[in-house]
1. Give all pairs with beta carbons closer than 9 Å in which a residue from the range 59-84 that is in contact (Cβ under 8 Å) with a residue 60 or more places away in the chain meets a residue that is in a helix (DSSP H, G or I) and open to solvent by 100 Å² or more (accessible area, probe 1.4 Å); count only pairs at least 6 apart in sequence or on separate chains.
2. Taking residue 68, is it surrounded by 15 or more Cβ atoms within 10 Å (Cβ to Cβ), in contact with a helix residue (DSSP H, G or I) (Cβ under 7 Å, 6 or more places away or on another chain) and not hydroxyl-bearing (Ser, Thr, Tyr)?
3. Considering only the range 107-117, how many residues are assigned to a strand (DSSP E or B) and surrounded by fewer than 21 Cβ atoms within 10 Å (Cβ to Cβ)?
4. Which one of these is in contact with a strand residue (DSSP E or B) (Cβ under 9 Å, 6 or more places away or on another chain), closer than 15 Å to residue 119 by Cα and charged (D, E, K, R): 68, 89, 42?
5. Which numbered condition trips up residue 101, out of (1) open to solvent by 30 Å² or more (accessible area, probe 1.4 Å); (2) assigned to a helix (DSSP H, G or I)?
6. Anything in the range 135-161 that is aromatic (Phe, Trp, Tyr) and open to solvent by 70 Å² or more (accessible area, probe 1.4 Å)? List them, or say none.
7. Do we have residue 57 as among the aliphatic types (A, V, I, L, M) and open to solvent by 90 Å² or more (accessible area, probe 1.4 Å) here?
Amino acid sequence: ILQANFLQFLIKVNKFKSCLEIGMFTGYSSLSMALSLPKNGKIYAIDKDIKTNKIALNFFRQANVDKKIYIETNSAIYAFKKLVKNKKKFDLILIDADKESYIEYFNYSIKLLSKKGLILIDNTLWKGEVVNPNINDKLTQKIKKFNDYVQKKKINKYILPLGDGFTVCWK
């Protein structure tokens, strides 16, 4: 709930009109963002799971925001390539999909980010395991690698200890 409120706060304060979400699952974040967007605001949500996309769409309809949200049922990389080719720009990009591809998703997101936009990446503290030298499972290592990668990029960034960790980046 706290992360959803934070997303809504960012959208309202910055008067964002376009959002991209990678990894929608059942639509909680998209729904939260849609409720804060202006009437002409749009969300482009990417998730490859048809079953959870149908669940999300049902929630969007119930909340009467389904016209604000376009769902692409596809691989994120395919969708990213299409968006870059079409020179799309987004005010807010939320990455919360397969952690193994975070670096690639981040690199595409930079290309799609509007001038005063924000990229948010979820789960970057990974229950605190990213700072524990004794935890070396594959997924924790991927997130550590991603955090190191972002740290070295010439982009403004900040990790918020919100939920499971929210990295906020801006140009």
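The values are calculated or read from the model by the stated rules, or taken from the named source; none is laboratory data. Fair warning: this is a prediction, and the values are worked out from it, not measured in the lab. Using ideal geometry, Cβ is built from the backbone for each residue, glycine included, and neighbour counts are taken over all protein chains shown. SASA here: full protein model, heavy atoms, side chains in, ligands and nucleic acids out. Shrake-Rupley method; radii C 1.70, N 1.55, O 1.52, S 1.80 Å.
1. Filtered contacts from the range 59-84: 83/111.
2. Yes.
3. Within the range 107-117, the first condition is being assigned to a strand (DSSP E or B), and the residues that meet it are 113-117.
Within this subset, residues satisfying the condition of being surrounded by fewer than 21 Cβ atoms within 10 Å (Cβ to Cβ) are 114-116.
Matching residues across the range 107-117 total 3.
4. Values: 68 fails: closer than 15 Å to residue 119 by Cα; 42 fails: closer than 15 Å to residue 119 by Cα.
Every option except 89 fails the conditions.
5. Unmet for residue 101, out of (1) open to solvent by 30 Å² or more (accessible area, probe 1.4 Å); (2) assigned to a helix (DSSP H, G or I): (1).
6. 158
7. Working: among the aliphatic types (A, V, I, L, M): yes; open to solvent by 90 Å² or more (accessible area, probe 1.4 Å): no.
In short, no.
Okay, residues lined up against (1) among the polar types (S, T, N, Q); (2) under 30 Å from residue 141 (Cα atoms); (3) touching a residue at least 24 places away in the same chain (Cβ under 8 Å); (4) not in a strand (DSSP E or B):
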{"site": "20", "(1), (2), (3), (4)": "no, yes, yes, no"}
{"site": "30", "(1), (2), (3), (4)": "yes, yes, yes, yes"}
{"site": "52", "(1), (2), (3), (4)": "yes, yes, yes, yes"}
{"site": "105", "(1), (2), (3), (4)": "no, yes, yes, yes"}
